[in-house]
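Data first, discussion second: the structure below is written as C-alpha cells.
The values are calculated or read from the model by the stated rules, or taken from the named source; none is laboratory data. These numbers come from a predicted model, not from an experiment. Don't worry about glycine lacking a Cβ; one is built from the backbone with ideal geometry, like all the others, and counts go over all protein chains shown.
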Amino acid sequence: MIPLRDNLPTDRFPVVTVAIIAINVFVFLFLQGPSFSLSAGDNVESKPVVGYGAIPYRVEHPDRDCGLAPTSGGDEIAVCEGTDLARQARDQGVAVEDVPEAPAYLTLLTSMFMHGGWLHIAFNMLFLWVFGNNIEDSMGRFRFAGFYLLGGMVATLTHVFLEGGSTTPTVGASGAIAAVLGAYALLYPRARVLTLIFALFIFIVEIPAMLLLGLWLLLQFLPAIQQFSSPDDLGGGGVAYYAHIGGFLFGLAAIKLFAHRRSRRYTGGGPRYPVY
C-alpha cells in the first residue's frame with residue numbers, strides 16, 4: 001500500500017517538511033554518493049555510511065573507531081575496534097581502511113538524513129510529505145522540527161538498545177517518519193488517505209488513516225518479533241524494525257506535548273482545545 005495524499009489540506013505551507021525533504025535529497029545525491037541499489041535491504045556499505053550512519057556498537061563504545069574491510073565476495077563491511085571482525089581481520093592480515101567519522105553520538109542525528117537506495121529515500125519522502133505536512137500544521141514550524149529530530153533520535157536509540165553489539169550501520173529517516181505516523185494516528189484517526197494498493201490488480205482507494213497506519217504498524221511489528229526471537233536471523237533484509245516501532249511509540253506519547261491545534265477541515269471549524 002502506497003499513500004498518495006490525505007483529505008486534510010494544510011492551513012499553512014509546510015516549510016519545515018519541504019526543507020527536511022530537500023536536505024535528505026541533497027545529502028543522498030551530493031554528499032553521501034547514492035547507492036544504485038533500489039532498496040536499503042542490499043546493505044551497501046560505503047565510507048559515508050560507516051562514518052555518519054549510526055552503528056549500535058560504536059554508539060555503545062564511542063571511544064572506538066570503525067572502518068571498512070574487503071570481503072571475499074568483493075564487497076566491503078564495517079569493522080569496529082574491539083570486535084571479533086577486527087580480530088579476524090588482524091589475524092588474516094586484512095587491512096581495515098580508516099574512514100572520516102562523526103562523533104558517535106552525533107551519528108544519531110546524521111544517520112537520519114542518509115539512505116540506502118533509491119526506493120528507500122523515495123518511500124520515506126513520500127510518507128513524510130503525505131503525513132508530515134499536517135503534523136507540522138498542528139505544531140508550528142519550530143516545534144515540528146524539534147519533534148521530528150527528537151523522534152528520529154529516540155527511534156535510533158531503540159534500535160541501538162535492542163541491537164547492541166551490531167556493527168551494521170543504520171541509516172534513514174524511517175524512525176523520525178514513524179514518529180510522524182504515530183502522531184498522525186492519534187491526531188487524525190478519522191482522516192482518509194488516497195492509497196495505491198497492489199493486489200491481484202492495481203487500484204486506488206480512499207481508506208481511513210487508522211486502517212492504513214494500523215496495517216503499517218503490523219508490518220513492522222511482526223518482523224520485529226521475528227528478529228527478537230531469532231537475533232541471528234535478520235529476516236528483515238537489514239531493515240531497522242525496532243527503530244520504526246520506537247519512533248511510532250514516541251509519536252503516540254509525545255504528540256500531546258507538541259500539538260496545539262487540529263486541521264480546520266478535520267474539526268469542521270476553528271481550533272478546538274484540548275486537541276485530544
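Restricting attention to region 134-152, does a residue exist that is of a type in the set (Asp, Glu) and in contact with a helix residue (DSSP H, G or I) (Cβ under 8 Å, 6 or more places away or on another chain)?
yes
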Looking at Leu149, is it surrounded by fewer than 22 Cβ atoms within 10 Å (Cβ to Cβ), without any contact (Cβ under 8 Å) to a residue 40 or more places away in the chain and part of a helix (DSSP H, G or I)? no
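Tell me the residue from Asp84, Asp98, Asp75 that is farther than 21 Å from Val59 by Cβ and among the acidic types (Asp, Glu), please.
That would be Asp75, the only listed residue that is farther than 21 Å from Val59 by Cβ and among the acidic types (Asp, Glu).
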For residues that are farther than 25 Å from Met112 by Cα and small (Gly, Ala, Ser), scanning just region 178-199, find the one that is farthest from the chain's Cα centre (by Cα). Ala199
Subset of region 153-169 that is outside any loop (DSSP other than H, G, I, E, B) and in contact with a helix residue (DSSP H, G or I) (Cβ under 6 Å, 6 or more places away or on another chain) - its residue that is surrounded by the fewest Cβ atoms within 10 Å (Cβ to Cβ): Leu162
Residue check for Gly172: surrounded by 19 or more Cβ atoms within 10 Å (Cβ to Cβ) and more than 30 Å from Glu81 (Cα to Cα): no
Criterion first (under 17 Å from Ala102 (Cβ atoms), aliphatic (A, V, I, L, M), at pLDDT 95 or above and surrounded by 15 or more Cβ atoms within 10 Å (Cβ to Cβ)) does Val59 satisfy it? yes
Please indicate, with yes or no, whether at least one residue in region 232-251 is part of a helix (DSSP H, G or I), at pLDDT 90 or above and more than 20 Å from Asn124 (Cβ to Cβ). no
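If you go through region 101-118 one residue at a time, do you hit one that is closer than 27 Å to Met210 by Cβ and buried (at least 19 other Cβ atoms within 10 Å of the Cβ)?
Yes: one or more hits.
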The one condition Thr168 fails out of (1) more than 24 Å from Gly67 (Cα to Cα); (2) at pLDDT below 95; (3) β-branched (Val, Ile, Thr) is (1)
Among residues of region 1-18, those that are over 16 Å from Met125 (Cβ atoms), surrounded by 13 or more Cβ atoms within 10 Å (Cβ to Cβ) and out of contact with any strand residue (DSSP E or B) (no Cβ under 9 Å at 6 or more places or on another chain), counted: 2
Given the structure, is Tyr184 assigned to a helix (DSSP H, G or I), among the aromatic types (Phe, Trp, Tyr) and either at positive phi or surrounded by fewer than 21 Cβ atoms within 10 Å (Cβ to Cβ) (or both)? no
Val205 passes all but one of the listed conditions (1) modelled with pLDDT of 80 or more; (2) surrounded by 12 or more Cβ atoms within 10 Å (Cβ to Cβ); the exception is number (2)
